[in-house]
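Asker: What follows is a structure written as structure tokens; I'll ask about it next.
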Amino acid sequence: MTPLRNGLMTVAAFAALAIASTASAQTIEKTVKVEHGGLYEIVFNPADNDLYVAAVGPRGANQAQIIRLQGQTLEPESSIDVSANPLYGLNLNTRTQILYGTDTRAGVITAINARTGEVIGSVRNGENGGHVRQVVVDEANNKVYITDVGGEAGDAAKPNLVWVIDGATNTLERTIPVQVGTLMGAALDASTNRLYVTGMGSNEVAAIDLATGETVGQWPSGADAAINIAVDSEGRRLFVAHQKSGELTVLNADTGALIHKVATGAGALSVAYNGAVKQIYVANRQAGTVTVLDSDTYAVKANLETGTFPQTIAIDRATNAVYVSNKARGLPRNAPAGTPVPVDPNGDVVTLIRP
């Protein structure tokens, strides 16, 4: 790992941006800027109370890193060079201490020893890889599930697949075809050994029996452009974020029945659930907010302005602290060479929220 000394800068002004109801105790405790930039997914490691953030850096710079931050202070500790395969999606097996990341553009999965920062393996599905997106870790069985974004349901040229990786060998064990349109998010229900996935193009949620690879349920998601999903195993509920309609839907995890629907904000992207405090968190990318909802009543407790483009959410289950990665405004895709990158003081930041 490479030590960092001045990679982060506290942004005190963010404390004034918290917009919460008077009945809510939600507070933004701290926001820091990650100078490396290009932030995507964030994970929390209970073994060392540290955060790991995927940071691809400036466009075209080939400087991708995994940035390690101290969870309580958000101070930088070290970085891992992943410029050979820039990582966007990220997750961690806390038992084996192996990080898994997705190089979406190259279709490669990278396995990293979180203790040493050493890249210990890479996984590809054939020569062309795929459009790999989300990583889900099954710690009990030491398996890793990857969503591979395809086209419309049944499109043989662009199949929607779930990769199954054996965590003991970090090799591709099998792939599971999923008949949804534009596969996106996934969440594991360890109690039933099911993987729930979203079809953004078909506005569906599918339930996969991981023992057989069979789809055992497929239902409407209840809103427009289903993207990420979280599971309440005990309460048998699914929480689904919808990017186009800016809504969260709550579905019965066994029947797919729509229980509730609530607007959270434009570009609803990521969703996380913490049953210990009975709260749901939704990162609304276009709105620049994280919505906090009561998981019993679905009432909105707070809308917190965390940064320019809230991306993903991680939770410290011991303290119930919530961490949000926020991306910065960048150059348009077709910007001419030499166009200066916009200055965005509220982007490429990590936010700590206390419930």
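Throughout, read-outs are computed from the coordinates displayed, never taken from laboratory work. These figures come from a predicted structure and were not determined experimentally. Virtual Cβ from ideal backbone geometry, glycine too; neighbours counted across all protein chains shown.
Asker: Loop only per DSSP, at most 16 neighbouring Cβ atoms within 10 Å: give me the trypsin sites (Lys or Arg not before Pro) in region 267-355, ordered by residue number.
Answerer: Details: sites: Lys278, Arg285, Lys301, Arg317, Lys327, Arg329, Arg333; in loops: Lys278, Arg285, Arg317, Arg329, Arg333.
Passing both the DSSP loop test and the Cβ count: Lys278, Arg317, Arg329, Arg333.
Asker: Right, another one. So how strong a dipole does region 65-221 carry about its Cα centre when Lys and Arg Cβ are +1 and Asp and Glu Cβ are -1, to the nearest 20 debye?
Answerer: Numbers: 10 positive and 17 negative charges, 23 e Å.
Charge dipole of region 65-221: 100 debye, to the nearest 20.
Asker: Placing +1 on the Cβ of each Lys and Arg and -1 on the Cβ of each Asp and Glu in region 154-285, which of Val262, Ala206, Val162 has its Cα farthest towards the positive end of the resulting dipole?
Answerer: Looking along the dipole axis, the top candidate is Val262.
Asker: Any chance you could run the full-extension gain for Ala157 through Arg236? It's 0.36 nm times the residue separation minus the Cα-Cα distance, nm to one decimal.
Answerer: Residue separation times 0.36 nm, minus the Cα-Cα distance, leaves 24.9 nm.
Asker: Using +1 at the C-beta of Lys and Arg and -1 at the C-beta of Asp and Glu, which of Gly181, Gln97, Gly126 has the Cα lying farthest in the positive direction of the dipole of region 87-202?
Answerer: Of the options given, the answer is Gln97.
Asker: So how do Asp348, Asp155 line up by other beta-carbon neighbours within 10 Å, fewest first?
Answerer: Listing Asp348, Asp155 from fewest to most nearby Cβ atoms yields Asp155, Asp348.
Asker: If you don't mind, another one. Calculate log10 I(q)/I(0) of the chain for q = 0.10, 0.14 Å⁻¹, where I(q) comes from the Debye formula with a single equal point scatterer on each Cα and nothing for solvent.
Answerer: Summing over Cα pairs of the chain leads to -0.56, -1.17.
Asker: Given labels modelled 7 Å from the Cα in the Cβ direction, how far is it in nm from Asp209 to Glu75?
Answerer: Rounded to a tenth, the inter-label distance reads 5.3 nm.
Asker: Taking the alpha-carbon distance from Lys278 and a cut-off under 30 Å, which lysines remain once sequence neighbours fewer than 8 residues away in the same chain are dropped?
Answerer: Filter leaves Lys30, Lys33, Lys143, Lys244, Lys261, Lys301, Lys327.
Asker: Modelling each spin label as a point 7 Å along the Cα-to-Cβ direction, I'd like the Thr171/Arg105 distance in nm, to one decimal.
Answerer: It is 3.0 nm.
Asker: As an exercise, find the ratio Rg/Rh for region 67-138 from alpha-carbon atoms, using the Kirkwood inverse-distance average for Rh. Numbers along the way, then the final one.
Answerer: Values: Rg = 12.7 Å, Rh = 12.8 Å.
When Rh is taken as the Kirkwood radius, the ratio is 0.99.
Asker: Dipole size in debye (nearest 20) for the chain around its Cα centre, Lys and Arg Cβ +1, Asp and Glu Cβ -1?
Answerer: Roughly 600 debye, rounded to the nearest 20.
Asker: Rg(Cα) of region 264-354 divided by 2.2 N^0.38 Å? Mind dumping the intermediate values first?
Answerer: Details: Rg = 14.9 Å, N = 91, 2.2 N^0.38 = 12.2 Å.
Region 264-354 yields a ratio of 1.22.
Asker: Here is a follow-up. Could you check the spin-label model distance between Thr319 and Glu35? Points 7 Å from the Cα along Cα→Cβ, value in nm.
Answerer: Rounded to a tenth, the inter-label distance reads 2.4 nm.
Asker: Another question about this same structure. Which length gain, in nm to one decimal place, applies between Arg329 and Arg115 when the Cα-Cα distance is subtracted from 0.36 nm times their residue separation?
Answerer: 73.8 nm
Asker: Still on this structure, I have one more. With an 8 Å Cα cut-off and a minimum separation of 6 or more residues, compute the relative contact order for region 70-223 in percent.
Answerer: 13 percent
Asker: Calculate the length of the line joining the C-alpha centroid of region 171-191 to that of region 51-96, in whole Å.
Answerer: What the calculation gives is 24 Å, centre to centre.
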